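Scroll down for the structure; my scribbles are underneath it.
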Amino acid sequence: MRIVGLTGGIASGKSTVSNLFKTHGIPVVDADLVARDVLKKGTGGWKKVVSAFGEDILQPDGEVDRPKLGQIVFSNPEKRQLLNRLLAPYISSGIFWEMLKLWMKGFKVIVLDVPLLFEAKMDKWTKPIIVVWVDPETQLQRLMLRDRTSEDDAQNRINAQMSLDLKRTRADIVIDNTGSLEDLKEQFQNVLFEVTKPLTWTEFGLSRQGAASVLVSIIVGVLIFRKVYSTESL
Ligand SMILES: CC(C)(COP(=O)(O)OP(=O)(O)OC[C@H]1O[C@@H](n2cnc3c(N)ncnc32)[C@H](O)[C@@H]1O)[C@@H](O)C(=O)NCCC(=O)NCCS
Ligand SMILES: Nc1ncnc2c1ncn2[C@@H]1O[C@H](COP(=O)(O)OP(=O)(O)OP(=O)(O)O)[C@@H](O)[C@H]1O
C-alpha cells in the first residue's frame with residue numbers, strides 16, 4: 001500500500017486538495033476528524049483533557065467548547081504541548097484504525113491528511129510527502145475569512161505550527177496554492193499522475209493483495225516441501 005502524506009499550514013488548502021483526491025476515488029484519512037472523535041464527550045481523550053484543563057472548557061451539554069480550548073492553547077505554547085501530549089496516543093491509534101479499514105478494503109493508495117505530519121514525526125511512514133504551500137499573506141486572509149477570526153487569533157494559530165517555508169523544504173511534492181482554484185486543479189493533475197504510478201515492490205508487499213500473495217506463496221512452498229520430503233522418505 002502506498003501511504004501518501006498530505007500536509008501544510010493551517011488554511012493552506014489541505015482539505016481542498018483532499019477533496020480533489022476523494023473525487024478521483026483515492027481515500028483520505030483526515031487527522032482533524034480523528035482528533036474530533038477522540039475529544040468527544042466520555043471518551044478517554046475527553047477525560048484526560050477535562051482533568052488537565054478543568055470543567056471550564058466544557059459547554060453546558062458536556063462537550064468540549066472547542067473555540068474556548070482553541071483560545072487557550074493557541075496563545076500558550078506550554079498548554080498546547082500539554083494538549084498535544086494528552087491526545088497524541090489517541091490520535092495515532094485512531095489514524096491507524098482508519099488505515100487498517102482501508103487496507104482491508106484493498107485500497108492500494110491512500111492519503112493521510114495530517115496538519116502536524118512533521119511536528120508529530122509521522123512523515124517517516126509516508127511517501128511521497130505533499131506540502132500544500134501558500135504565501136503568508138494569502139494564508140492569513142483565507143484563515144480570517146474562513147474562521148471569521150481576528151488577525152491576532154489567526155496569526156497565533158499560524159505561529160503554532162512549523163513554518164510553511166521549512167515544511168516545503170521537506171516535501172517530495174510542493175503544491176503552490178497561492179493562486180486560484182483553477183491553478184490548484186491544474187497542479188493537481190501532475191500530483192495525481194505521480195501518486196497513481198505503479199506501486200514499488202515494497203508498497204505492493206504492504207498492500208492486502210501483496211500480503212495475500214506472500215501468504216499463498218508460503219502455503220504453496222510448504223505443500224511442495226512436504227510433498228518432496230514425503231516422496232524422498234519412501
Ligand atoms: C484546540 C482545538 C480543540 C481547536 O478546535 P477547532 O475546532 O477550533 O480547530 P480544528 O480542530 O478544526 O483545527 C483547525 C486547524 O488548526 C490546526 N491545529 C489543530 N491543533 C493544533 C495543534 N495542536 N497545534 C498546531 N496546530 C493545530 C490544524 O491546522 C487544524 O487543521 C483542536 O484543534 C484540537 O483538539 N487540537 C489538538 C489535536 C490536534 O493536534 N489536532 C491536529 C491533528 S494532527
Ligand atoms: N486556491 C484557492 N483560492 C481561494 N480560496 C481557497 C483556495 N484554496 C483554498 N481556499 C479556501 O481557503 C480556506 C482554507 O482552505 P482549506 O480549508 O482547504 O485549508 P486547510 O489547510 O484544510 O485548513 P485547516 O488546517 O484549518 O484544516 C477555505 O475557505 C478554502 O475554501
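The values are calculated or read from the model by the stated rules, or taken from the named source; none is laboratory data. Source: prediction; values computed, not measured. Don't worry about glycine lacking a Cβ; one is built from the backbone with ideal geometry, like all the others, and counts go over all protein chains shown. These area figures cover heavy atoms from the full protein model, side chains too; ligands, DNA and RNA do not enter into them. Shrake-Rupley method; radii C 1.70, N 1.55, O 1.52, S 1.80 Å.
Quick notes on this structure:
Every residue, every condition in (1) touching a Pro at 6+ places or on another chain (Cβ under 9 Å); (2) among the hydroxyl-bearing types (Ser, Thr, Tyr); (3) on the phi < 0 side of the Ramachandran plot, yes or no:
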residue: Ile110; (1), (2), (3): yes, no, yes
residue: Thr126; (1), (2), (3): no, yes, yes
residue: Asp135; (1), (2), (3): no, no, yes
residue: Gln141; (1), (2), (3): no, no, yes
residue: Arg157; (1), (2), (3): no, no, yes
residue: Leu166; (1), (2), (3): no, no, yes
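- Verdict on Ile130 being within 16 Å of ligand 1 (Cβ to nearest atom) and touching a residue at least 24 places away in the same chain (Cβ under 8 Å): yes
- Some residue of the range 195-207 being among the acidic types (Asp, Glu), surrounded by 11 or more Cβ atoms within 10 Å (Cβ to Cβ), modelled with pLDDT of 95 or more and touching a strand residue (DSSP E or B) at 6+ places or on another chain (Cβ under 8 Å): no
- Note on the range 60-90: among residues that are in a loop (DSSP other than H, G, I, E, B) and open to solvent by 70 Å² or more (accessible area, probe 1.4 Å), the one that is nearest to Ala31 (Cα to Cα) is Ser75.
- Cβ pairs under 6 Å, 6+ apart, first in the range 31-44 and closer than 19 Å to Lys101 by Cβ, second in a loop (DSSP other than H, G, I, E, B) and at pLDDT 95 or above: Ala31/Val114
- Residues (within 19 Å of Gly9 (Cα to Cα), open to solvent by less than 30 Å² (accessible area, probe 1.4 Å) and of a type outside the set (A, V, I, L, M)) located in the range 91-132: Asp113, Pro115, Phe118, Thr126, Pro128
- The range 14-28, residues that are within 11 Å of ligand 1 (Cβ to nearest atom) and surrounded by 22 or more Cβ atoms within 10 Å (Cβ to Cβ): Lys14
- Taking residues in the range 145-161 that are more than 14 Å from Pro115 (Cβ to Cβ), and partners anywhere that are more than 13 Å from ligand 2 (Cβ to nearest atom) and modelled with pLDDT under 95, the pairs with Cβ atoms closer than 7 Å and at least 6 places apart or on different chains are Asn156/Ser75.
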